[in-house]
1. About the Cα centre, and with charges only on the beta carbon of Lys, Arg (+1) and Asp, Glu (-1), how big is the dipole of the stretch 90-189? Nearest 20 debye, please.
2. Which far-off residues, 5 or more places away or on another chain, put their amide H under 5 Å from the one on K85, with H placed in the peptide plane?
3. Going toward the positive end of the dipole of the chain, with +1 on Lys and Arg Cβ and -1 on Asp and Glu Cβ, which of A70, P123, T147 do you reach last?
4. So between E188 and T30, what do we pick up on full extension, going 0.36 nm a residue minus the alpha carbon distance?
5. Between A18 and E105, take the C-beta separation as r, use R0 = 22 Å, and let me know the FRET efficiency to the nearest 0.05.
6. Can you give me the convex hull volume of the Cα atoms of the stretch 103-189, divided per residue and expressed in Å³?
7. Given the whole protein assembly as supplied and a 1.4 Å probe, what does the accessible area of F110 come to in Å², nearest 10?
8. Considering only the other residues whose Cβ falls under 14 Å of the Cβ of A55, what net charge follows from Lys and Arg at +1 and Asp and Glu at -1?
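The values are calculated or read from the model by the stated rules, or taken from the named source; none is laboratory data. No experiment lies behind these values; they were computed from the predicted model shown. Neighbour counts are summed over all protein chains in view; Cβ atoms, including those assigned to glycine, are modelled from backbone coordinates with ideal geometry. Calculation scope for accessible area: heavy atoms of the full protein, side chains included, ligands and nucleic acids excluded. Shrake-Rupley method; radii C 1.70, N 1.55, O 1.52, S 1.80 Å.
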Amino acid sequence: MLDHMTDLTPITALGATAARTESFGALTITENADLGLASLALRKGQSAPQPFGLALPGVGEVVSSGDYGAFWTGRDQWMFEATGKAEVNFAAMLKAEAPECSVTEQTDGFTAFEIASSQGAAPIEALMRKLVNIDPKALGSGQVVRTGLEHMTVFLIRRADDRLAVIGMRTLAGSLWHALAVAARRLED
């Protein structure tokens, strides 16, 4: 029998011990390894709760306050985000806020990449035109859409005119990073 403890070092979705950040001209892409995620679904006939003081957003909308946010994912369904909560049981925190709802941990199922522009909305919109079949002007600040990006399904969250979050399946993190980086690099040319 082994007498020692295995060293379990947490790794990010991209396989490193620290989140990856890379800049391409005006755009900086950062792996958001600290983001806790949990889904919430209303049960039949249930009234809408306000977890963490957030009113549940409508179709295509995002709400946030402090370290918490939520975005609409489907009829009576939302994804909740919590900055700095990737290493805790965020689903249990959300369940405590909305005990009558169905809550499922999602942190280990998804990964988030935050894209920031140092030159306003134009570089973000140029990147979106290269990656997805969505009019960037139609996805304004505070809005979310689920769409295809290459062979993957992702959520695009327009956090601000100059900031975009891309949330996709954790198992496809490498492919998603590659698609984002290649498109951003092409914008530099």
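1. Dipole magnitude for the stretch 90-189 comes out near 200 debye.
2. G36
3. T147
4. 55.1 nm
5. So the FRET efficiency works out to roughly 0.45.
6. 95 Å³
7. Accessible area of F110: about 30 Å².
8. -2
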